[in-house]
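The values are calculated or read from the model by the stated rules, or taken from the named source; none is laboratory data. From a predicted model like this one, the values you see are computed outputs, not experimental measurements. Ideal geometry is used to build each Cβ from the backbone, glycine not excepted, and the neighbour counts take in all protein chains shown. In case anyone asks, the SASA skips ligands and DNA or RNA and just uses the protein heavy atoms, side chains included. Shrake-Rupley method; radii C 1.70, N 1.55, O 1.52, S 1.80 Å.
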Amino acid sequence: MAAYPTPYAGQRATADLLASMLPISVVKAADESVTSSTALQDDNHLILPMEANATYIVEGALFYDGQFNAGNLKLTWTLPTSATIYWAPNAPALGGAAAYASQATTTGTLSVGTYGTGGTKTTASISATVITAATAGSMTLRWAQDTSSATATTIYAKSWLRAIRIA
């Protein structure tokens with residue numbers, strides 16, 4: 001089984017080699033809200049740097065809320081040029097159902113439901129595989145309300161993403 005990077009017998013353990021083995025993690029530093037808008041925006045904090053010609057496993061948790069069965073949450077990503085993504089949020093389904101929806105896509109947006117405000121936050125678990133091409137760049141979460149609502153949809157501080165390079 002191949003590993004990234006592949007250490008060889010007798011190879012010198014340099015700082016660069018050891019750093020390439022670490023996951024890249026980001027934690028949202030502040031709450032961010034969208035009100036009465038379905039226009040996608042870049043998240044101010046959930047941005048992961050990615051190297052060219054690499055494959056990453058990405059996971060994370062978005063802690064959010066919004067008016068029950070109203071604004072909801074629409075999600076997508078900005079990626080480095082020519083990168084490919086296979087991803088899914090595991091979160092409440094639209095329509096106020098108690099069921100969770102695990103949707104997967106390679107393009108476009110996916111939407112998840114909200115359970116209300118002022119109480120327990122809703123969580124969307126993120127799972128993705130990202131394959132970059134010849135250009136390095138950033139993977140940035142983009143989000144908005146799925147349906148315009150005068151009640152804010154908020155992604156809270158302490159939401160996080162982590163990328164592990166596997167090839």
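Just want to confirm a number: the relative contact order over segment 30-157, from Cα pairs under 8 angstrom separated by 6+ residues, in percent. About 49 percent, as a whole number.
When the trypsin sites (Lys or Arg not before Pro) in segment 5-110 are filtered for DSSP coil states and for at most 15 other beta-carbon atoms within 10 Å of their beta-carbon, the remaining sites are R12.
Taking only the Cα atoms of the chain, the ratio Rg/Rh comes out at 1.04, with Rh defined as the Kirkwood radius.
Between S37 and Q145, S149, the built amide H atoms are under 5 Å apart, and every one of these is 5 or more places off in sequence or on another chain. Backbone phi angles across segment 70-80, fed through the Karplus curve with coefficients 6.51, -1.76 and 1.60 (θ = phi - 60°), yield HN-Hα couplings of 10, x, 6, 9, 10, 10, 7, 9, 9, 10, x Hz in residue order; Gly and Pro are listed as x. If the chain linking T135 and E59 were pulled fully straight, counting 0.36 nm for each residue of separation and taking away their Cα-Cα distance, it would gain 25.2 nm. Here the extension length gained between S127 and V27 equals 34.4 nm, from 0.36 nm per residue of separation less the Cα-Cα distance. Once the Cβ-Cβ distance of T120 and A52 is raised to the sixth power relative to R0 = 35 Å, the FRET efficiency obtained is 0.30.
Over the chain, with every protein chain in place, what whole percent of the accessible area is carbon and sulfur at 1.4 Å, could you tell me? Looking at the chain in its full context, I get 54 percent from C and S.
Volume per residue of the convex hull around the Cα atoms, evaluated for segment 44-87, comes out as 113 Å³. Ordered by solvent-accessible area of protein heavy atoms (1.4 Å probe), largest first, the residues Y56, Y156, Y4 come out as Y4, Y156, Y56.
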